[in-house]
1. For the chain, what is the relative contact order in percent, using Cα pairs closer than 8 Å and at least 6 residues apart in sequence?
2. Where does the chain land on the Kirkwood hydrodynamic radius, alpha-carbon pairs, in angstrom?
3. On the accessible surface of region 88-215, probed at 1.4 Å, how many percent belong to carbon and sulfur atoms?
4. For region 2-97, with every protein chain kept in place, what is the accessible area per residue (1.4 Å probe, Å²)?
5. Taking only DSSP H segments of four or more residues, each worth -39500 (n - 2.57), what value at 222 nm results for the chain once the sum is divided by all its residues, to the nearest 500 deg cm²/dmol?
6. Quick check for you: with a 1.4 Å probe and neighbouring chains kept, what is the accessible area per residue of region 225-285, in Å²?
7. Could you give me the ³J(HN,Hα) list for region 41-47, computed from phi with Karplus coefficients 6.51, -1.76, 1.60 and θ = phi - 60°, whole Hz, x at Gly and Pro?
8. Calculate how many DSSP beta bridges within the chain are antiparallel, expressed in % of all such bridges and rounded to the nearest 5.
Amino acid sequence: MHPVIEQLLASGPIITDGAWGTQLQSLGLEPGECPDAWNTLNPERVESVARAYVDAGSRVILSNTFRSNRIALAGYGLAGSAAELSRAGAAISVRAAGQRALVFASIGPSGKMILTGETTEDELGAAFEEQAAALAAGGAHGLVVETMSDLAEALIAVRAAKTTGLPVVASMVFDSGKNKDRTMMGQTPEQCAEALAEAGADAVGANCGRGIAGYLPICSRMAAASPLPIWIKPNAGLPEITGGTLSYRDTPEQFASYAPALIEAGAKFIGGCCGSTPDFIRALIAKVAA
């Protein structure tokens, strides 16, 4: 186990942070606007999101760099800003964390598929290596390859992230198949856990895609397939559209009520994804400490 993760987990399960996108939207991010561009355009607002999670008690926070690889940024005309936005995003979270939390900076998918020829393994590798190096330069204590629906892309990102020497978490999305227990590309939790560990991940897990109840069996299966620490960040329930606005149905208390069962299923890192807020983190901490 990477020493940074070993030291973190010495005191028991770790509560991470919640959603970033929905928090930035509440601060004025417009639909279709690139959230990561705010790392240089509105750094104080980005920092307020990071600080809110630290104030809520998160021991690990992420960064506003989910789309900060050159392939994803090309969709916004910002491909050339990948390193700058990654470095700035990591530095913002590090500043907000201070001595109270560690920053595991976010590496999200490219949004392009190898299978259809939209991108290549070499292009992905170069893009993720560029981003990982910039996140490390920004002061990140670790890296999270997250919200991956294609195991092949996740493996490339993990190998790229490992070149920094930082601990690397690899997190997949399981929201497909009859039982919603497969990735979009059809891989099982077991296949993902084993392959990601072999690629060098220091922790494996799942995020997004579904509410917290649905992640109990996913967590158990990943824990059974790999000795690595398990990282889980579910959405705040199922999204609903009311009056043209997307909302999530779980309350912080409902969400947090599943934390003990998740820990029993093997989760070592627990946080929230879409729709979760600092209140969800406070509720998780209260439930885990109870």
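1. Relative contact order comes out at 18 percent.
2. Value: 18.5 Å, from the Cα pair sum.
3. So the carbon and sulfur contribution to the accessible surface is 50 percent.
4. 39
5. Calculated at 222 nm, the ellipticity per residue is -12500 deg cm²/dmol.
6. 43
7. Running phi through 6.51 cos²θ - 1.76 cosθ + 1.60 with θ = phi - 60° gives 7, 9, x, 5, 6, 4, 5 Hz.
8. Looking only at bridges with both residues in the chain, the antiparallel portion is about 15 percent.
The values are calculated or read from the model by the stated rules, or taken from the named source; none is laboratory data. Computed from a predicted model, the values in this text were never measured in an experiment. The area values use the complete protein model at the heavy-atom level, side chains included, leaving out ligands, DNA and RNA. Shrake-Rupley method; radii C 1.70, N 1.55, O 1.52, S 1.80 Å.
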